[in-house]
Structures are given as C-alpha cells and as structure tokens.
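> Okay, handing you the structure first.
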2 protein chains.
Amino acid sequence: MSAASPPTGDDLVRVLATLANPHRLRVVAALARERAYVSGLARQLGISRALLQVHLRKLAAAGLVTARMELSEDGKAMNYYEVEPFVLTLTPQVIAAAIETLTVPDSGEQPEERS
Amino acid sequence: MSAASPPTGDDLVRVLATLANPHRLRVVAALARERAYVSGLARQLGISRALLQVHLRKLAAAGLVTARMELSEDGKAMNYYEVEPFVLTLTPQVIAAAIETLTVPDSGEQPEERS
DNA sequence: CATACCTGCTAACTTCTGTTGGCATGTGCA
DNA sequence: TGCACATGCCAACAGAAGTTAGCAGGTATG
C-alpha cells in the first residue's frame, strides 16, 4: 500500500517520526536492497537485536515494513522483514491539507474563526 | 531552496525530525497560507509564544521556514516568518541513497564489506 | 549434553524533547 | 506614567524515546 497521497495528519506525524531516526533509515535502506531476518540484519548493521527489534517494531507500526515468519532449511524460525514500497511527497501544501485531520486539542484554530 | 533532491542523510533526519511534530506541522500549514509574525501566529494557533518560538527555531534550523524582521506602521518590531517552498519525496530508494551520507559511528556497515 | 543459531520479552537507565513561567527590552498611545 | 503589544532568552520540570542487559524458549549439530 504505497502512500502516494498523504493520509491523515496523525499518520503523517507517525510516519515522519518513524523515519526521523538514523537507525531506522538504515534499516529501511538495508531492506530496500534485500529482505532480511532480525539477527542477520542486526549483525549487518552492527546493532543489538533488542535495539533492532524495537526499531523494526516501530517501522512495522508505521506500515513501512512488514514481517513474515518462515522456517529455514534447518528448521530454524526466521522472521523476515521487507520494505513496503511507499511514496511520500512532502510540500507545504500537502502538510496544510493533512493538518485538518490532526487529532490535537487546540483552542483557537477553528477554520471559520479568523481574528 | 527547494529540496527536490534529498540532501545528506543527516539533513534528511533533521528535516524529518523537525516535521514529525503536530505543532510544527500546524505552523508550516499556517505559514503556507500566509506569512505571519510570532505573537500573532501564537494567538492563531492557541499556543504560547515561548513554545512557538522554539518550534519556529527548529523549523528555521531545518531550512523549512525563514524569518524576516520588519517594522510595522506604528514602529513595532515584527518578526515575520514564511515557508520555504520545499519538495521532499520519500521512497525506500531515496532513503537508501541518503544513507551513505549518514554521520554515525558504525561497526560493520562498510560499503565494501558484505557478510 | 553443550554449543550455536534463531526467536521473543521486560525492567531499568540515560538522554533528548516538549512545555511552562518568569524576566528583560523596546515602542506607541491615553 | 501605566497599559498594551511586540521581541527575545533562560531555568526547570515532565514525559517520551533510545539503549542495554538479562531472561526464557525453540531447533539442529558435534
């Protein structure tokens, strides 16, 4: 499900917050080249599994990557991750449009009330 | 200075981190419609000046908005902000490309060393 | 049976970020 | 002179995010 058209404001924030992290960007980049399982990916990126797992979890929560459990030839459980081919275009206008679907208690931002 | 082509990885992270915030998105949205000065914008958004100033500072640091000091008719110093017409397209490939210009001490991510 | 590989979870610490409130400064007008 | 509105900065607290270390479970091989 590519996000060619930016979804709700909340989703936008979530996706941006998710991508705004060096480790997660590296993960996305790595998975963009080739899918991988957590332990292997952790080794490849030089970070701990626990840490990677947290990041993968966030990426998955934002819908940027997906996980698939598989059994290797020797019977080991491998959790393979792969990127979701998303496309997100950011411009002031796009943001302005997304704003209207932002869930935040605000006092003084009513669309029809102007100064 | 529109960022049609994603700059360094560090810049990417900075921009994403900056935009990953409801308040800042609102600010960008507001400025996209019309430029504004801090006090007025704070009133319009329903947040404190101090808070808005912090966010504006971050947005400016990321190059997403610019400030221009002006004098109103009655001699008051008004600091007007306006959006920078940026265009940022995010895809796994774009990210993969940006990764290579990421400043992070990593052990095991040398471009030429593979598994 | 020990070792090596895979998976997952949680508690706890540390660091960063957001947010508030107060203070200082300046101008114009009643 | 006192009020209103503009600017800015800084200290301090609260909460979220990143990170580590340890535990527990699984299968295959020497």
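> For a protection proxy built on the mean count of beta-carbon atoms within 10 angstrom, sort A:66-79, A:8-21 highest first, please.
Packing proxy ranking, top to bottom: A:8-21, A:66-79.
> Something else about it: Order A:81-90, B:24-33 from most to least packed using the mean count of other Cβ atoms within 10 Å.
Highest to lowest by the protection proxy: B:24-33, A:81-90.
> Run through the other copies and list how far each one's label point is from that of residue A:54, in nm with one decimal, shortest first; the point sits 7 Å from Cα along Cα-Cβ.
Label-point distances to the other copies, shortest first: 2.2 nm.
> Here's another thing I want to ask about it. Check the straight Cα-Cα distances from residue B:58 and name the lysines below 26 Å, setting aside those fewer than 8 residues away within the same chain.
Partners found: A:58, B:76.
> Let me ask something additional. Every other copy gets compared here: list the nm distances from the residue B:82 label point (7 Å along Cα to Cβ) to its counterparts, shortest first, one decimal.
4.7
> Which whole-number percentage describes the relative contact order of the range B:2-60, with Cα contacts under 8 Å and a sequence gap of 6 or more? Working shown, then result.
Details: 20 pairs, mean separation 20.4, N = 59.
About 35 percent, as a whole number.
> Run the numbers for residue A:68 and residue A:10: contour at 0.36 nm per residue of separation, minus the present Cα-Cα distance, in nm. Don't jump to the answer; show the numbers that get you there.
Values: separation 58, 0.36 × 58 = 20.88 nm, distance 2.64 nm.
So the chain would gain 18.2 nm between residue A:68 and residue A:10.
> Moving to a separate point now. For label points placed 7 Å from Cα toward Cβ, what is the shortest-first list of nm distances from residue A:68 to its copies?
5.3
> Further question on the same structure: Give the long-range amide H neighbours of residue A:78: residues separated by 5 or more places, or on another chain, with amide H under 5 Å away, using H modelled in the peptide plane at 1.01 Å from N.
Here the answer is A:70, A:71, A:72, since their amide H atoms fall under 5 Å of that of residue A:78.
Read the figures in this text as sums done on the coordinates, not as results from a lab. All values reported here derive from a predicted model rather than from experimental measurement. Here the Cβ is made from the backbone with ideal geometry for all residues, glycine too, and neighbour counts use every protein chain on show.
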